[in-house]
1. Spot the failing condition for L355; the list is (1) part of a loop (DSSP other than H, G, I, E, B); (2) surrounded by fewer than 16 Cβ atoms within 10 Å (Cβ to Cβ); (3) not acidic (D, E), and only one is missed.
2. I'm checking my understanding of the structure. Among residues of segment 334-368 that are aliphatic (A, V, I, L, M) and over 35 Å from the mean Cα position of the chain (by Cα), which one is farthest from E387 (Cα to Cα)?
3. Identify all residues within segment 197-242 that are surrounded by 14 or more Cβ atoms within 10 Å (Cβ to Cβ), within 22 Å of R256 (Cα to Cα) and among the small types (G, A, S); write none if there are none.
4. Residue under question is V330, and the condition is that it be hydrophobic (A, V, I, L, M, F, W, C) and outside any helix (DSSP H, G or I); does it hold?
5. Would you check if L270 is buried (at least 21 other Cβ atoms within 10 Å of the Cβ) and farther than 30 Å from V34 by Cβ?
6. Output the residue which, of all residues in segment 123-173 that are basic (K, R) and modelled with pLDDT under 75, is farthest from T77 (Cα to Cα).
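The values are calculated or read from the model by the stated rules, or taken from the named source; none is laboratory data. Please read these numbers as outputs of a predicted model, since none were measured by experiment. Cβ coordinates were reconstructed from backbone atoms using ideal geometry, including for glycine residues, and neighbour counts include every protein chain displayed.
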Amino acid sequence: MEKRNVFDVLKERGYIEQCTHEEEIRELLGKESVTFYIGFDPTADSLHIGHFIQIMVMSIMQQYGHRPIALLGDGTTMIGDPSDRTGMRSIMTFETITQNAENFKKVFEKFLDFSDGKAIMPRNSEWLLPLNYLEFMREVGIHFTIAKMIAADCYKNRMDQGLTFFEFGYMLMQAYDFYMLNQKYNCKMQLGGNDQWSNIIAGVELTRKKAGKQVYGMTFALLTNSEGKKMGKTEKGALWLDRNKTTPYEFYQYWRNIDDADVEKCLALLTFLPMDEVRRLGALEGAEKNKAKEILAYEITKLIHSEEDARKAQEAARALFGGGADSENVPTTELTKSELGEGMPVIDLMQKAGLIKSKSEGRRLIDQAGVSVNDLVVDDIGATVTEKDFEDGKLMIKKGKKTYHRIKLV
């Protein structure tokens, strides 16, 4: 049986949003092994779920015989991408950027085969740091007009808040990345999230003007829910791929609790399940939909963490929702006896456990009967817990209907 064109696979799963030359890209991907790249700026010490769509695309592309370049943007991170930002990114030291890049590398190695050059992971500091400003402006700057650049969404949205000249150079840097990767590795495509469209077009045009070569760009959907809002935001911030920042249990629970309307889309974008199965699960209704959510949560947790982590998280969730709130895999905060003293207000305990951001949020939750301690609803804002509330040194707080947290007295 003839192998499918990866373009059709990506389109069917809902990844593709925009293409510079749709027909030519499909034809190119069908007839040769294409080297393509996605850039990742190591601005944090962990990748988050928004990056995972891009990792999935790289993995699928490689399965169909194409060669990924996971470009670590340690050079561009020294400026920071103004796309989708309301203010200038804080300037980081090169040592921090390098450490973050190493953390990213470990994740890429789980999903891509780097043996024998099947995938590569260069850093753009290699060509950006030695640049001479005057030479760069003569070679690259002359190909960009101010009018065209400020019309790009990534700049237009920042004009009122104050866009620095420092950041204004980001588009030129990213365009230069594409040109350099084309020169060094015959890279013919740049892929990225839909917020990168302007930067990708800039790279396509620069490579055509400087090298006289036709290269291509393709963007894919950002991870949004059925209302168009970005997914992957939790009470603690982003949904991180690093277990030390988002535990496997918290990660699993996020997907177990998403809206029914988002299940099919997430199964298509964030798992390798066949599309027939994705559609079958997406069509389930009522209580049956929870089975689809369990499968979604299990599959994503297995990919990001491990099968064992997924199994433990699933068992913990089932134990809690089945009424047996004593699983060892529930998020846990340790509390010393000296911290507890004669007693600690429930609101203070919730704040220590990271369940609320402020005391006013805690008071509001208690007013709405949204907090339980050991399955008893807390109805007094001033309620405290004492040592006698701990059974075998453990106590369970429940926030809302679905968030459980164990406190362990040590």
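1. If we test L355 against (1) part of a loop (DSSP other than H, G, I, E, B); (2) surrounded by fewer than 16 Cβ atoms within 10 Å (Cβ to Cβ); (3) not acidic (D, E), just (2) comes out false.
2. M344
3. Matches in segment 197-242: A221, G232, A238.
4. Answer is yes for this residue.
5. no
6. Here the residue is K148.
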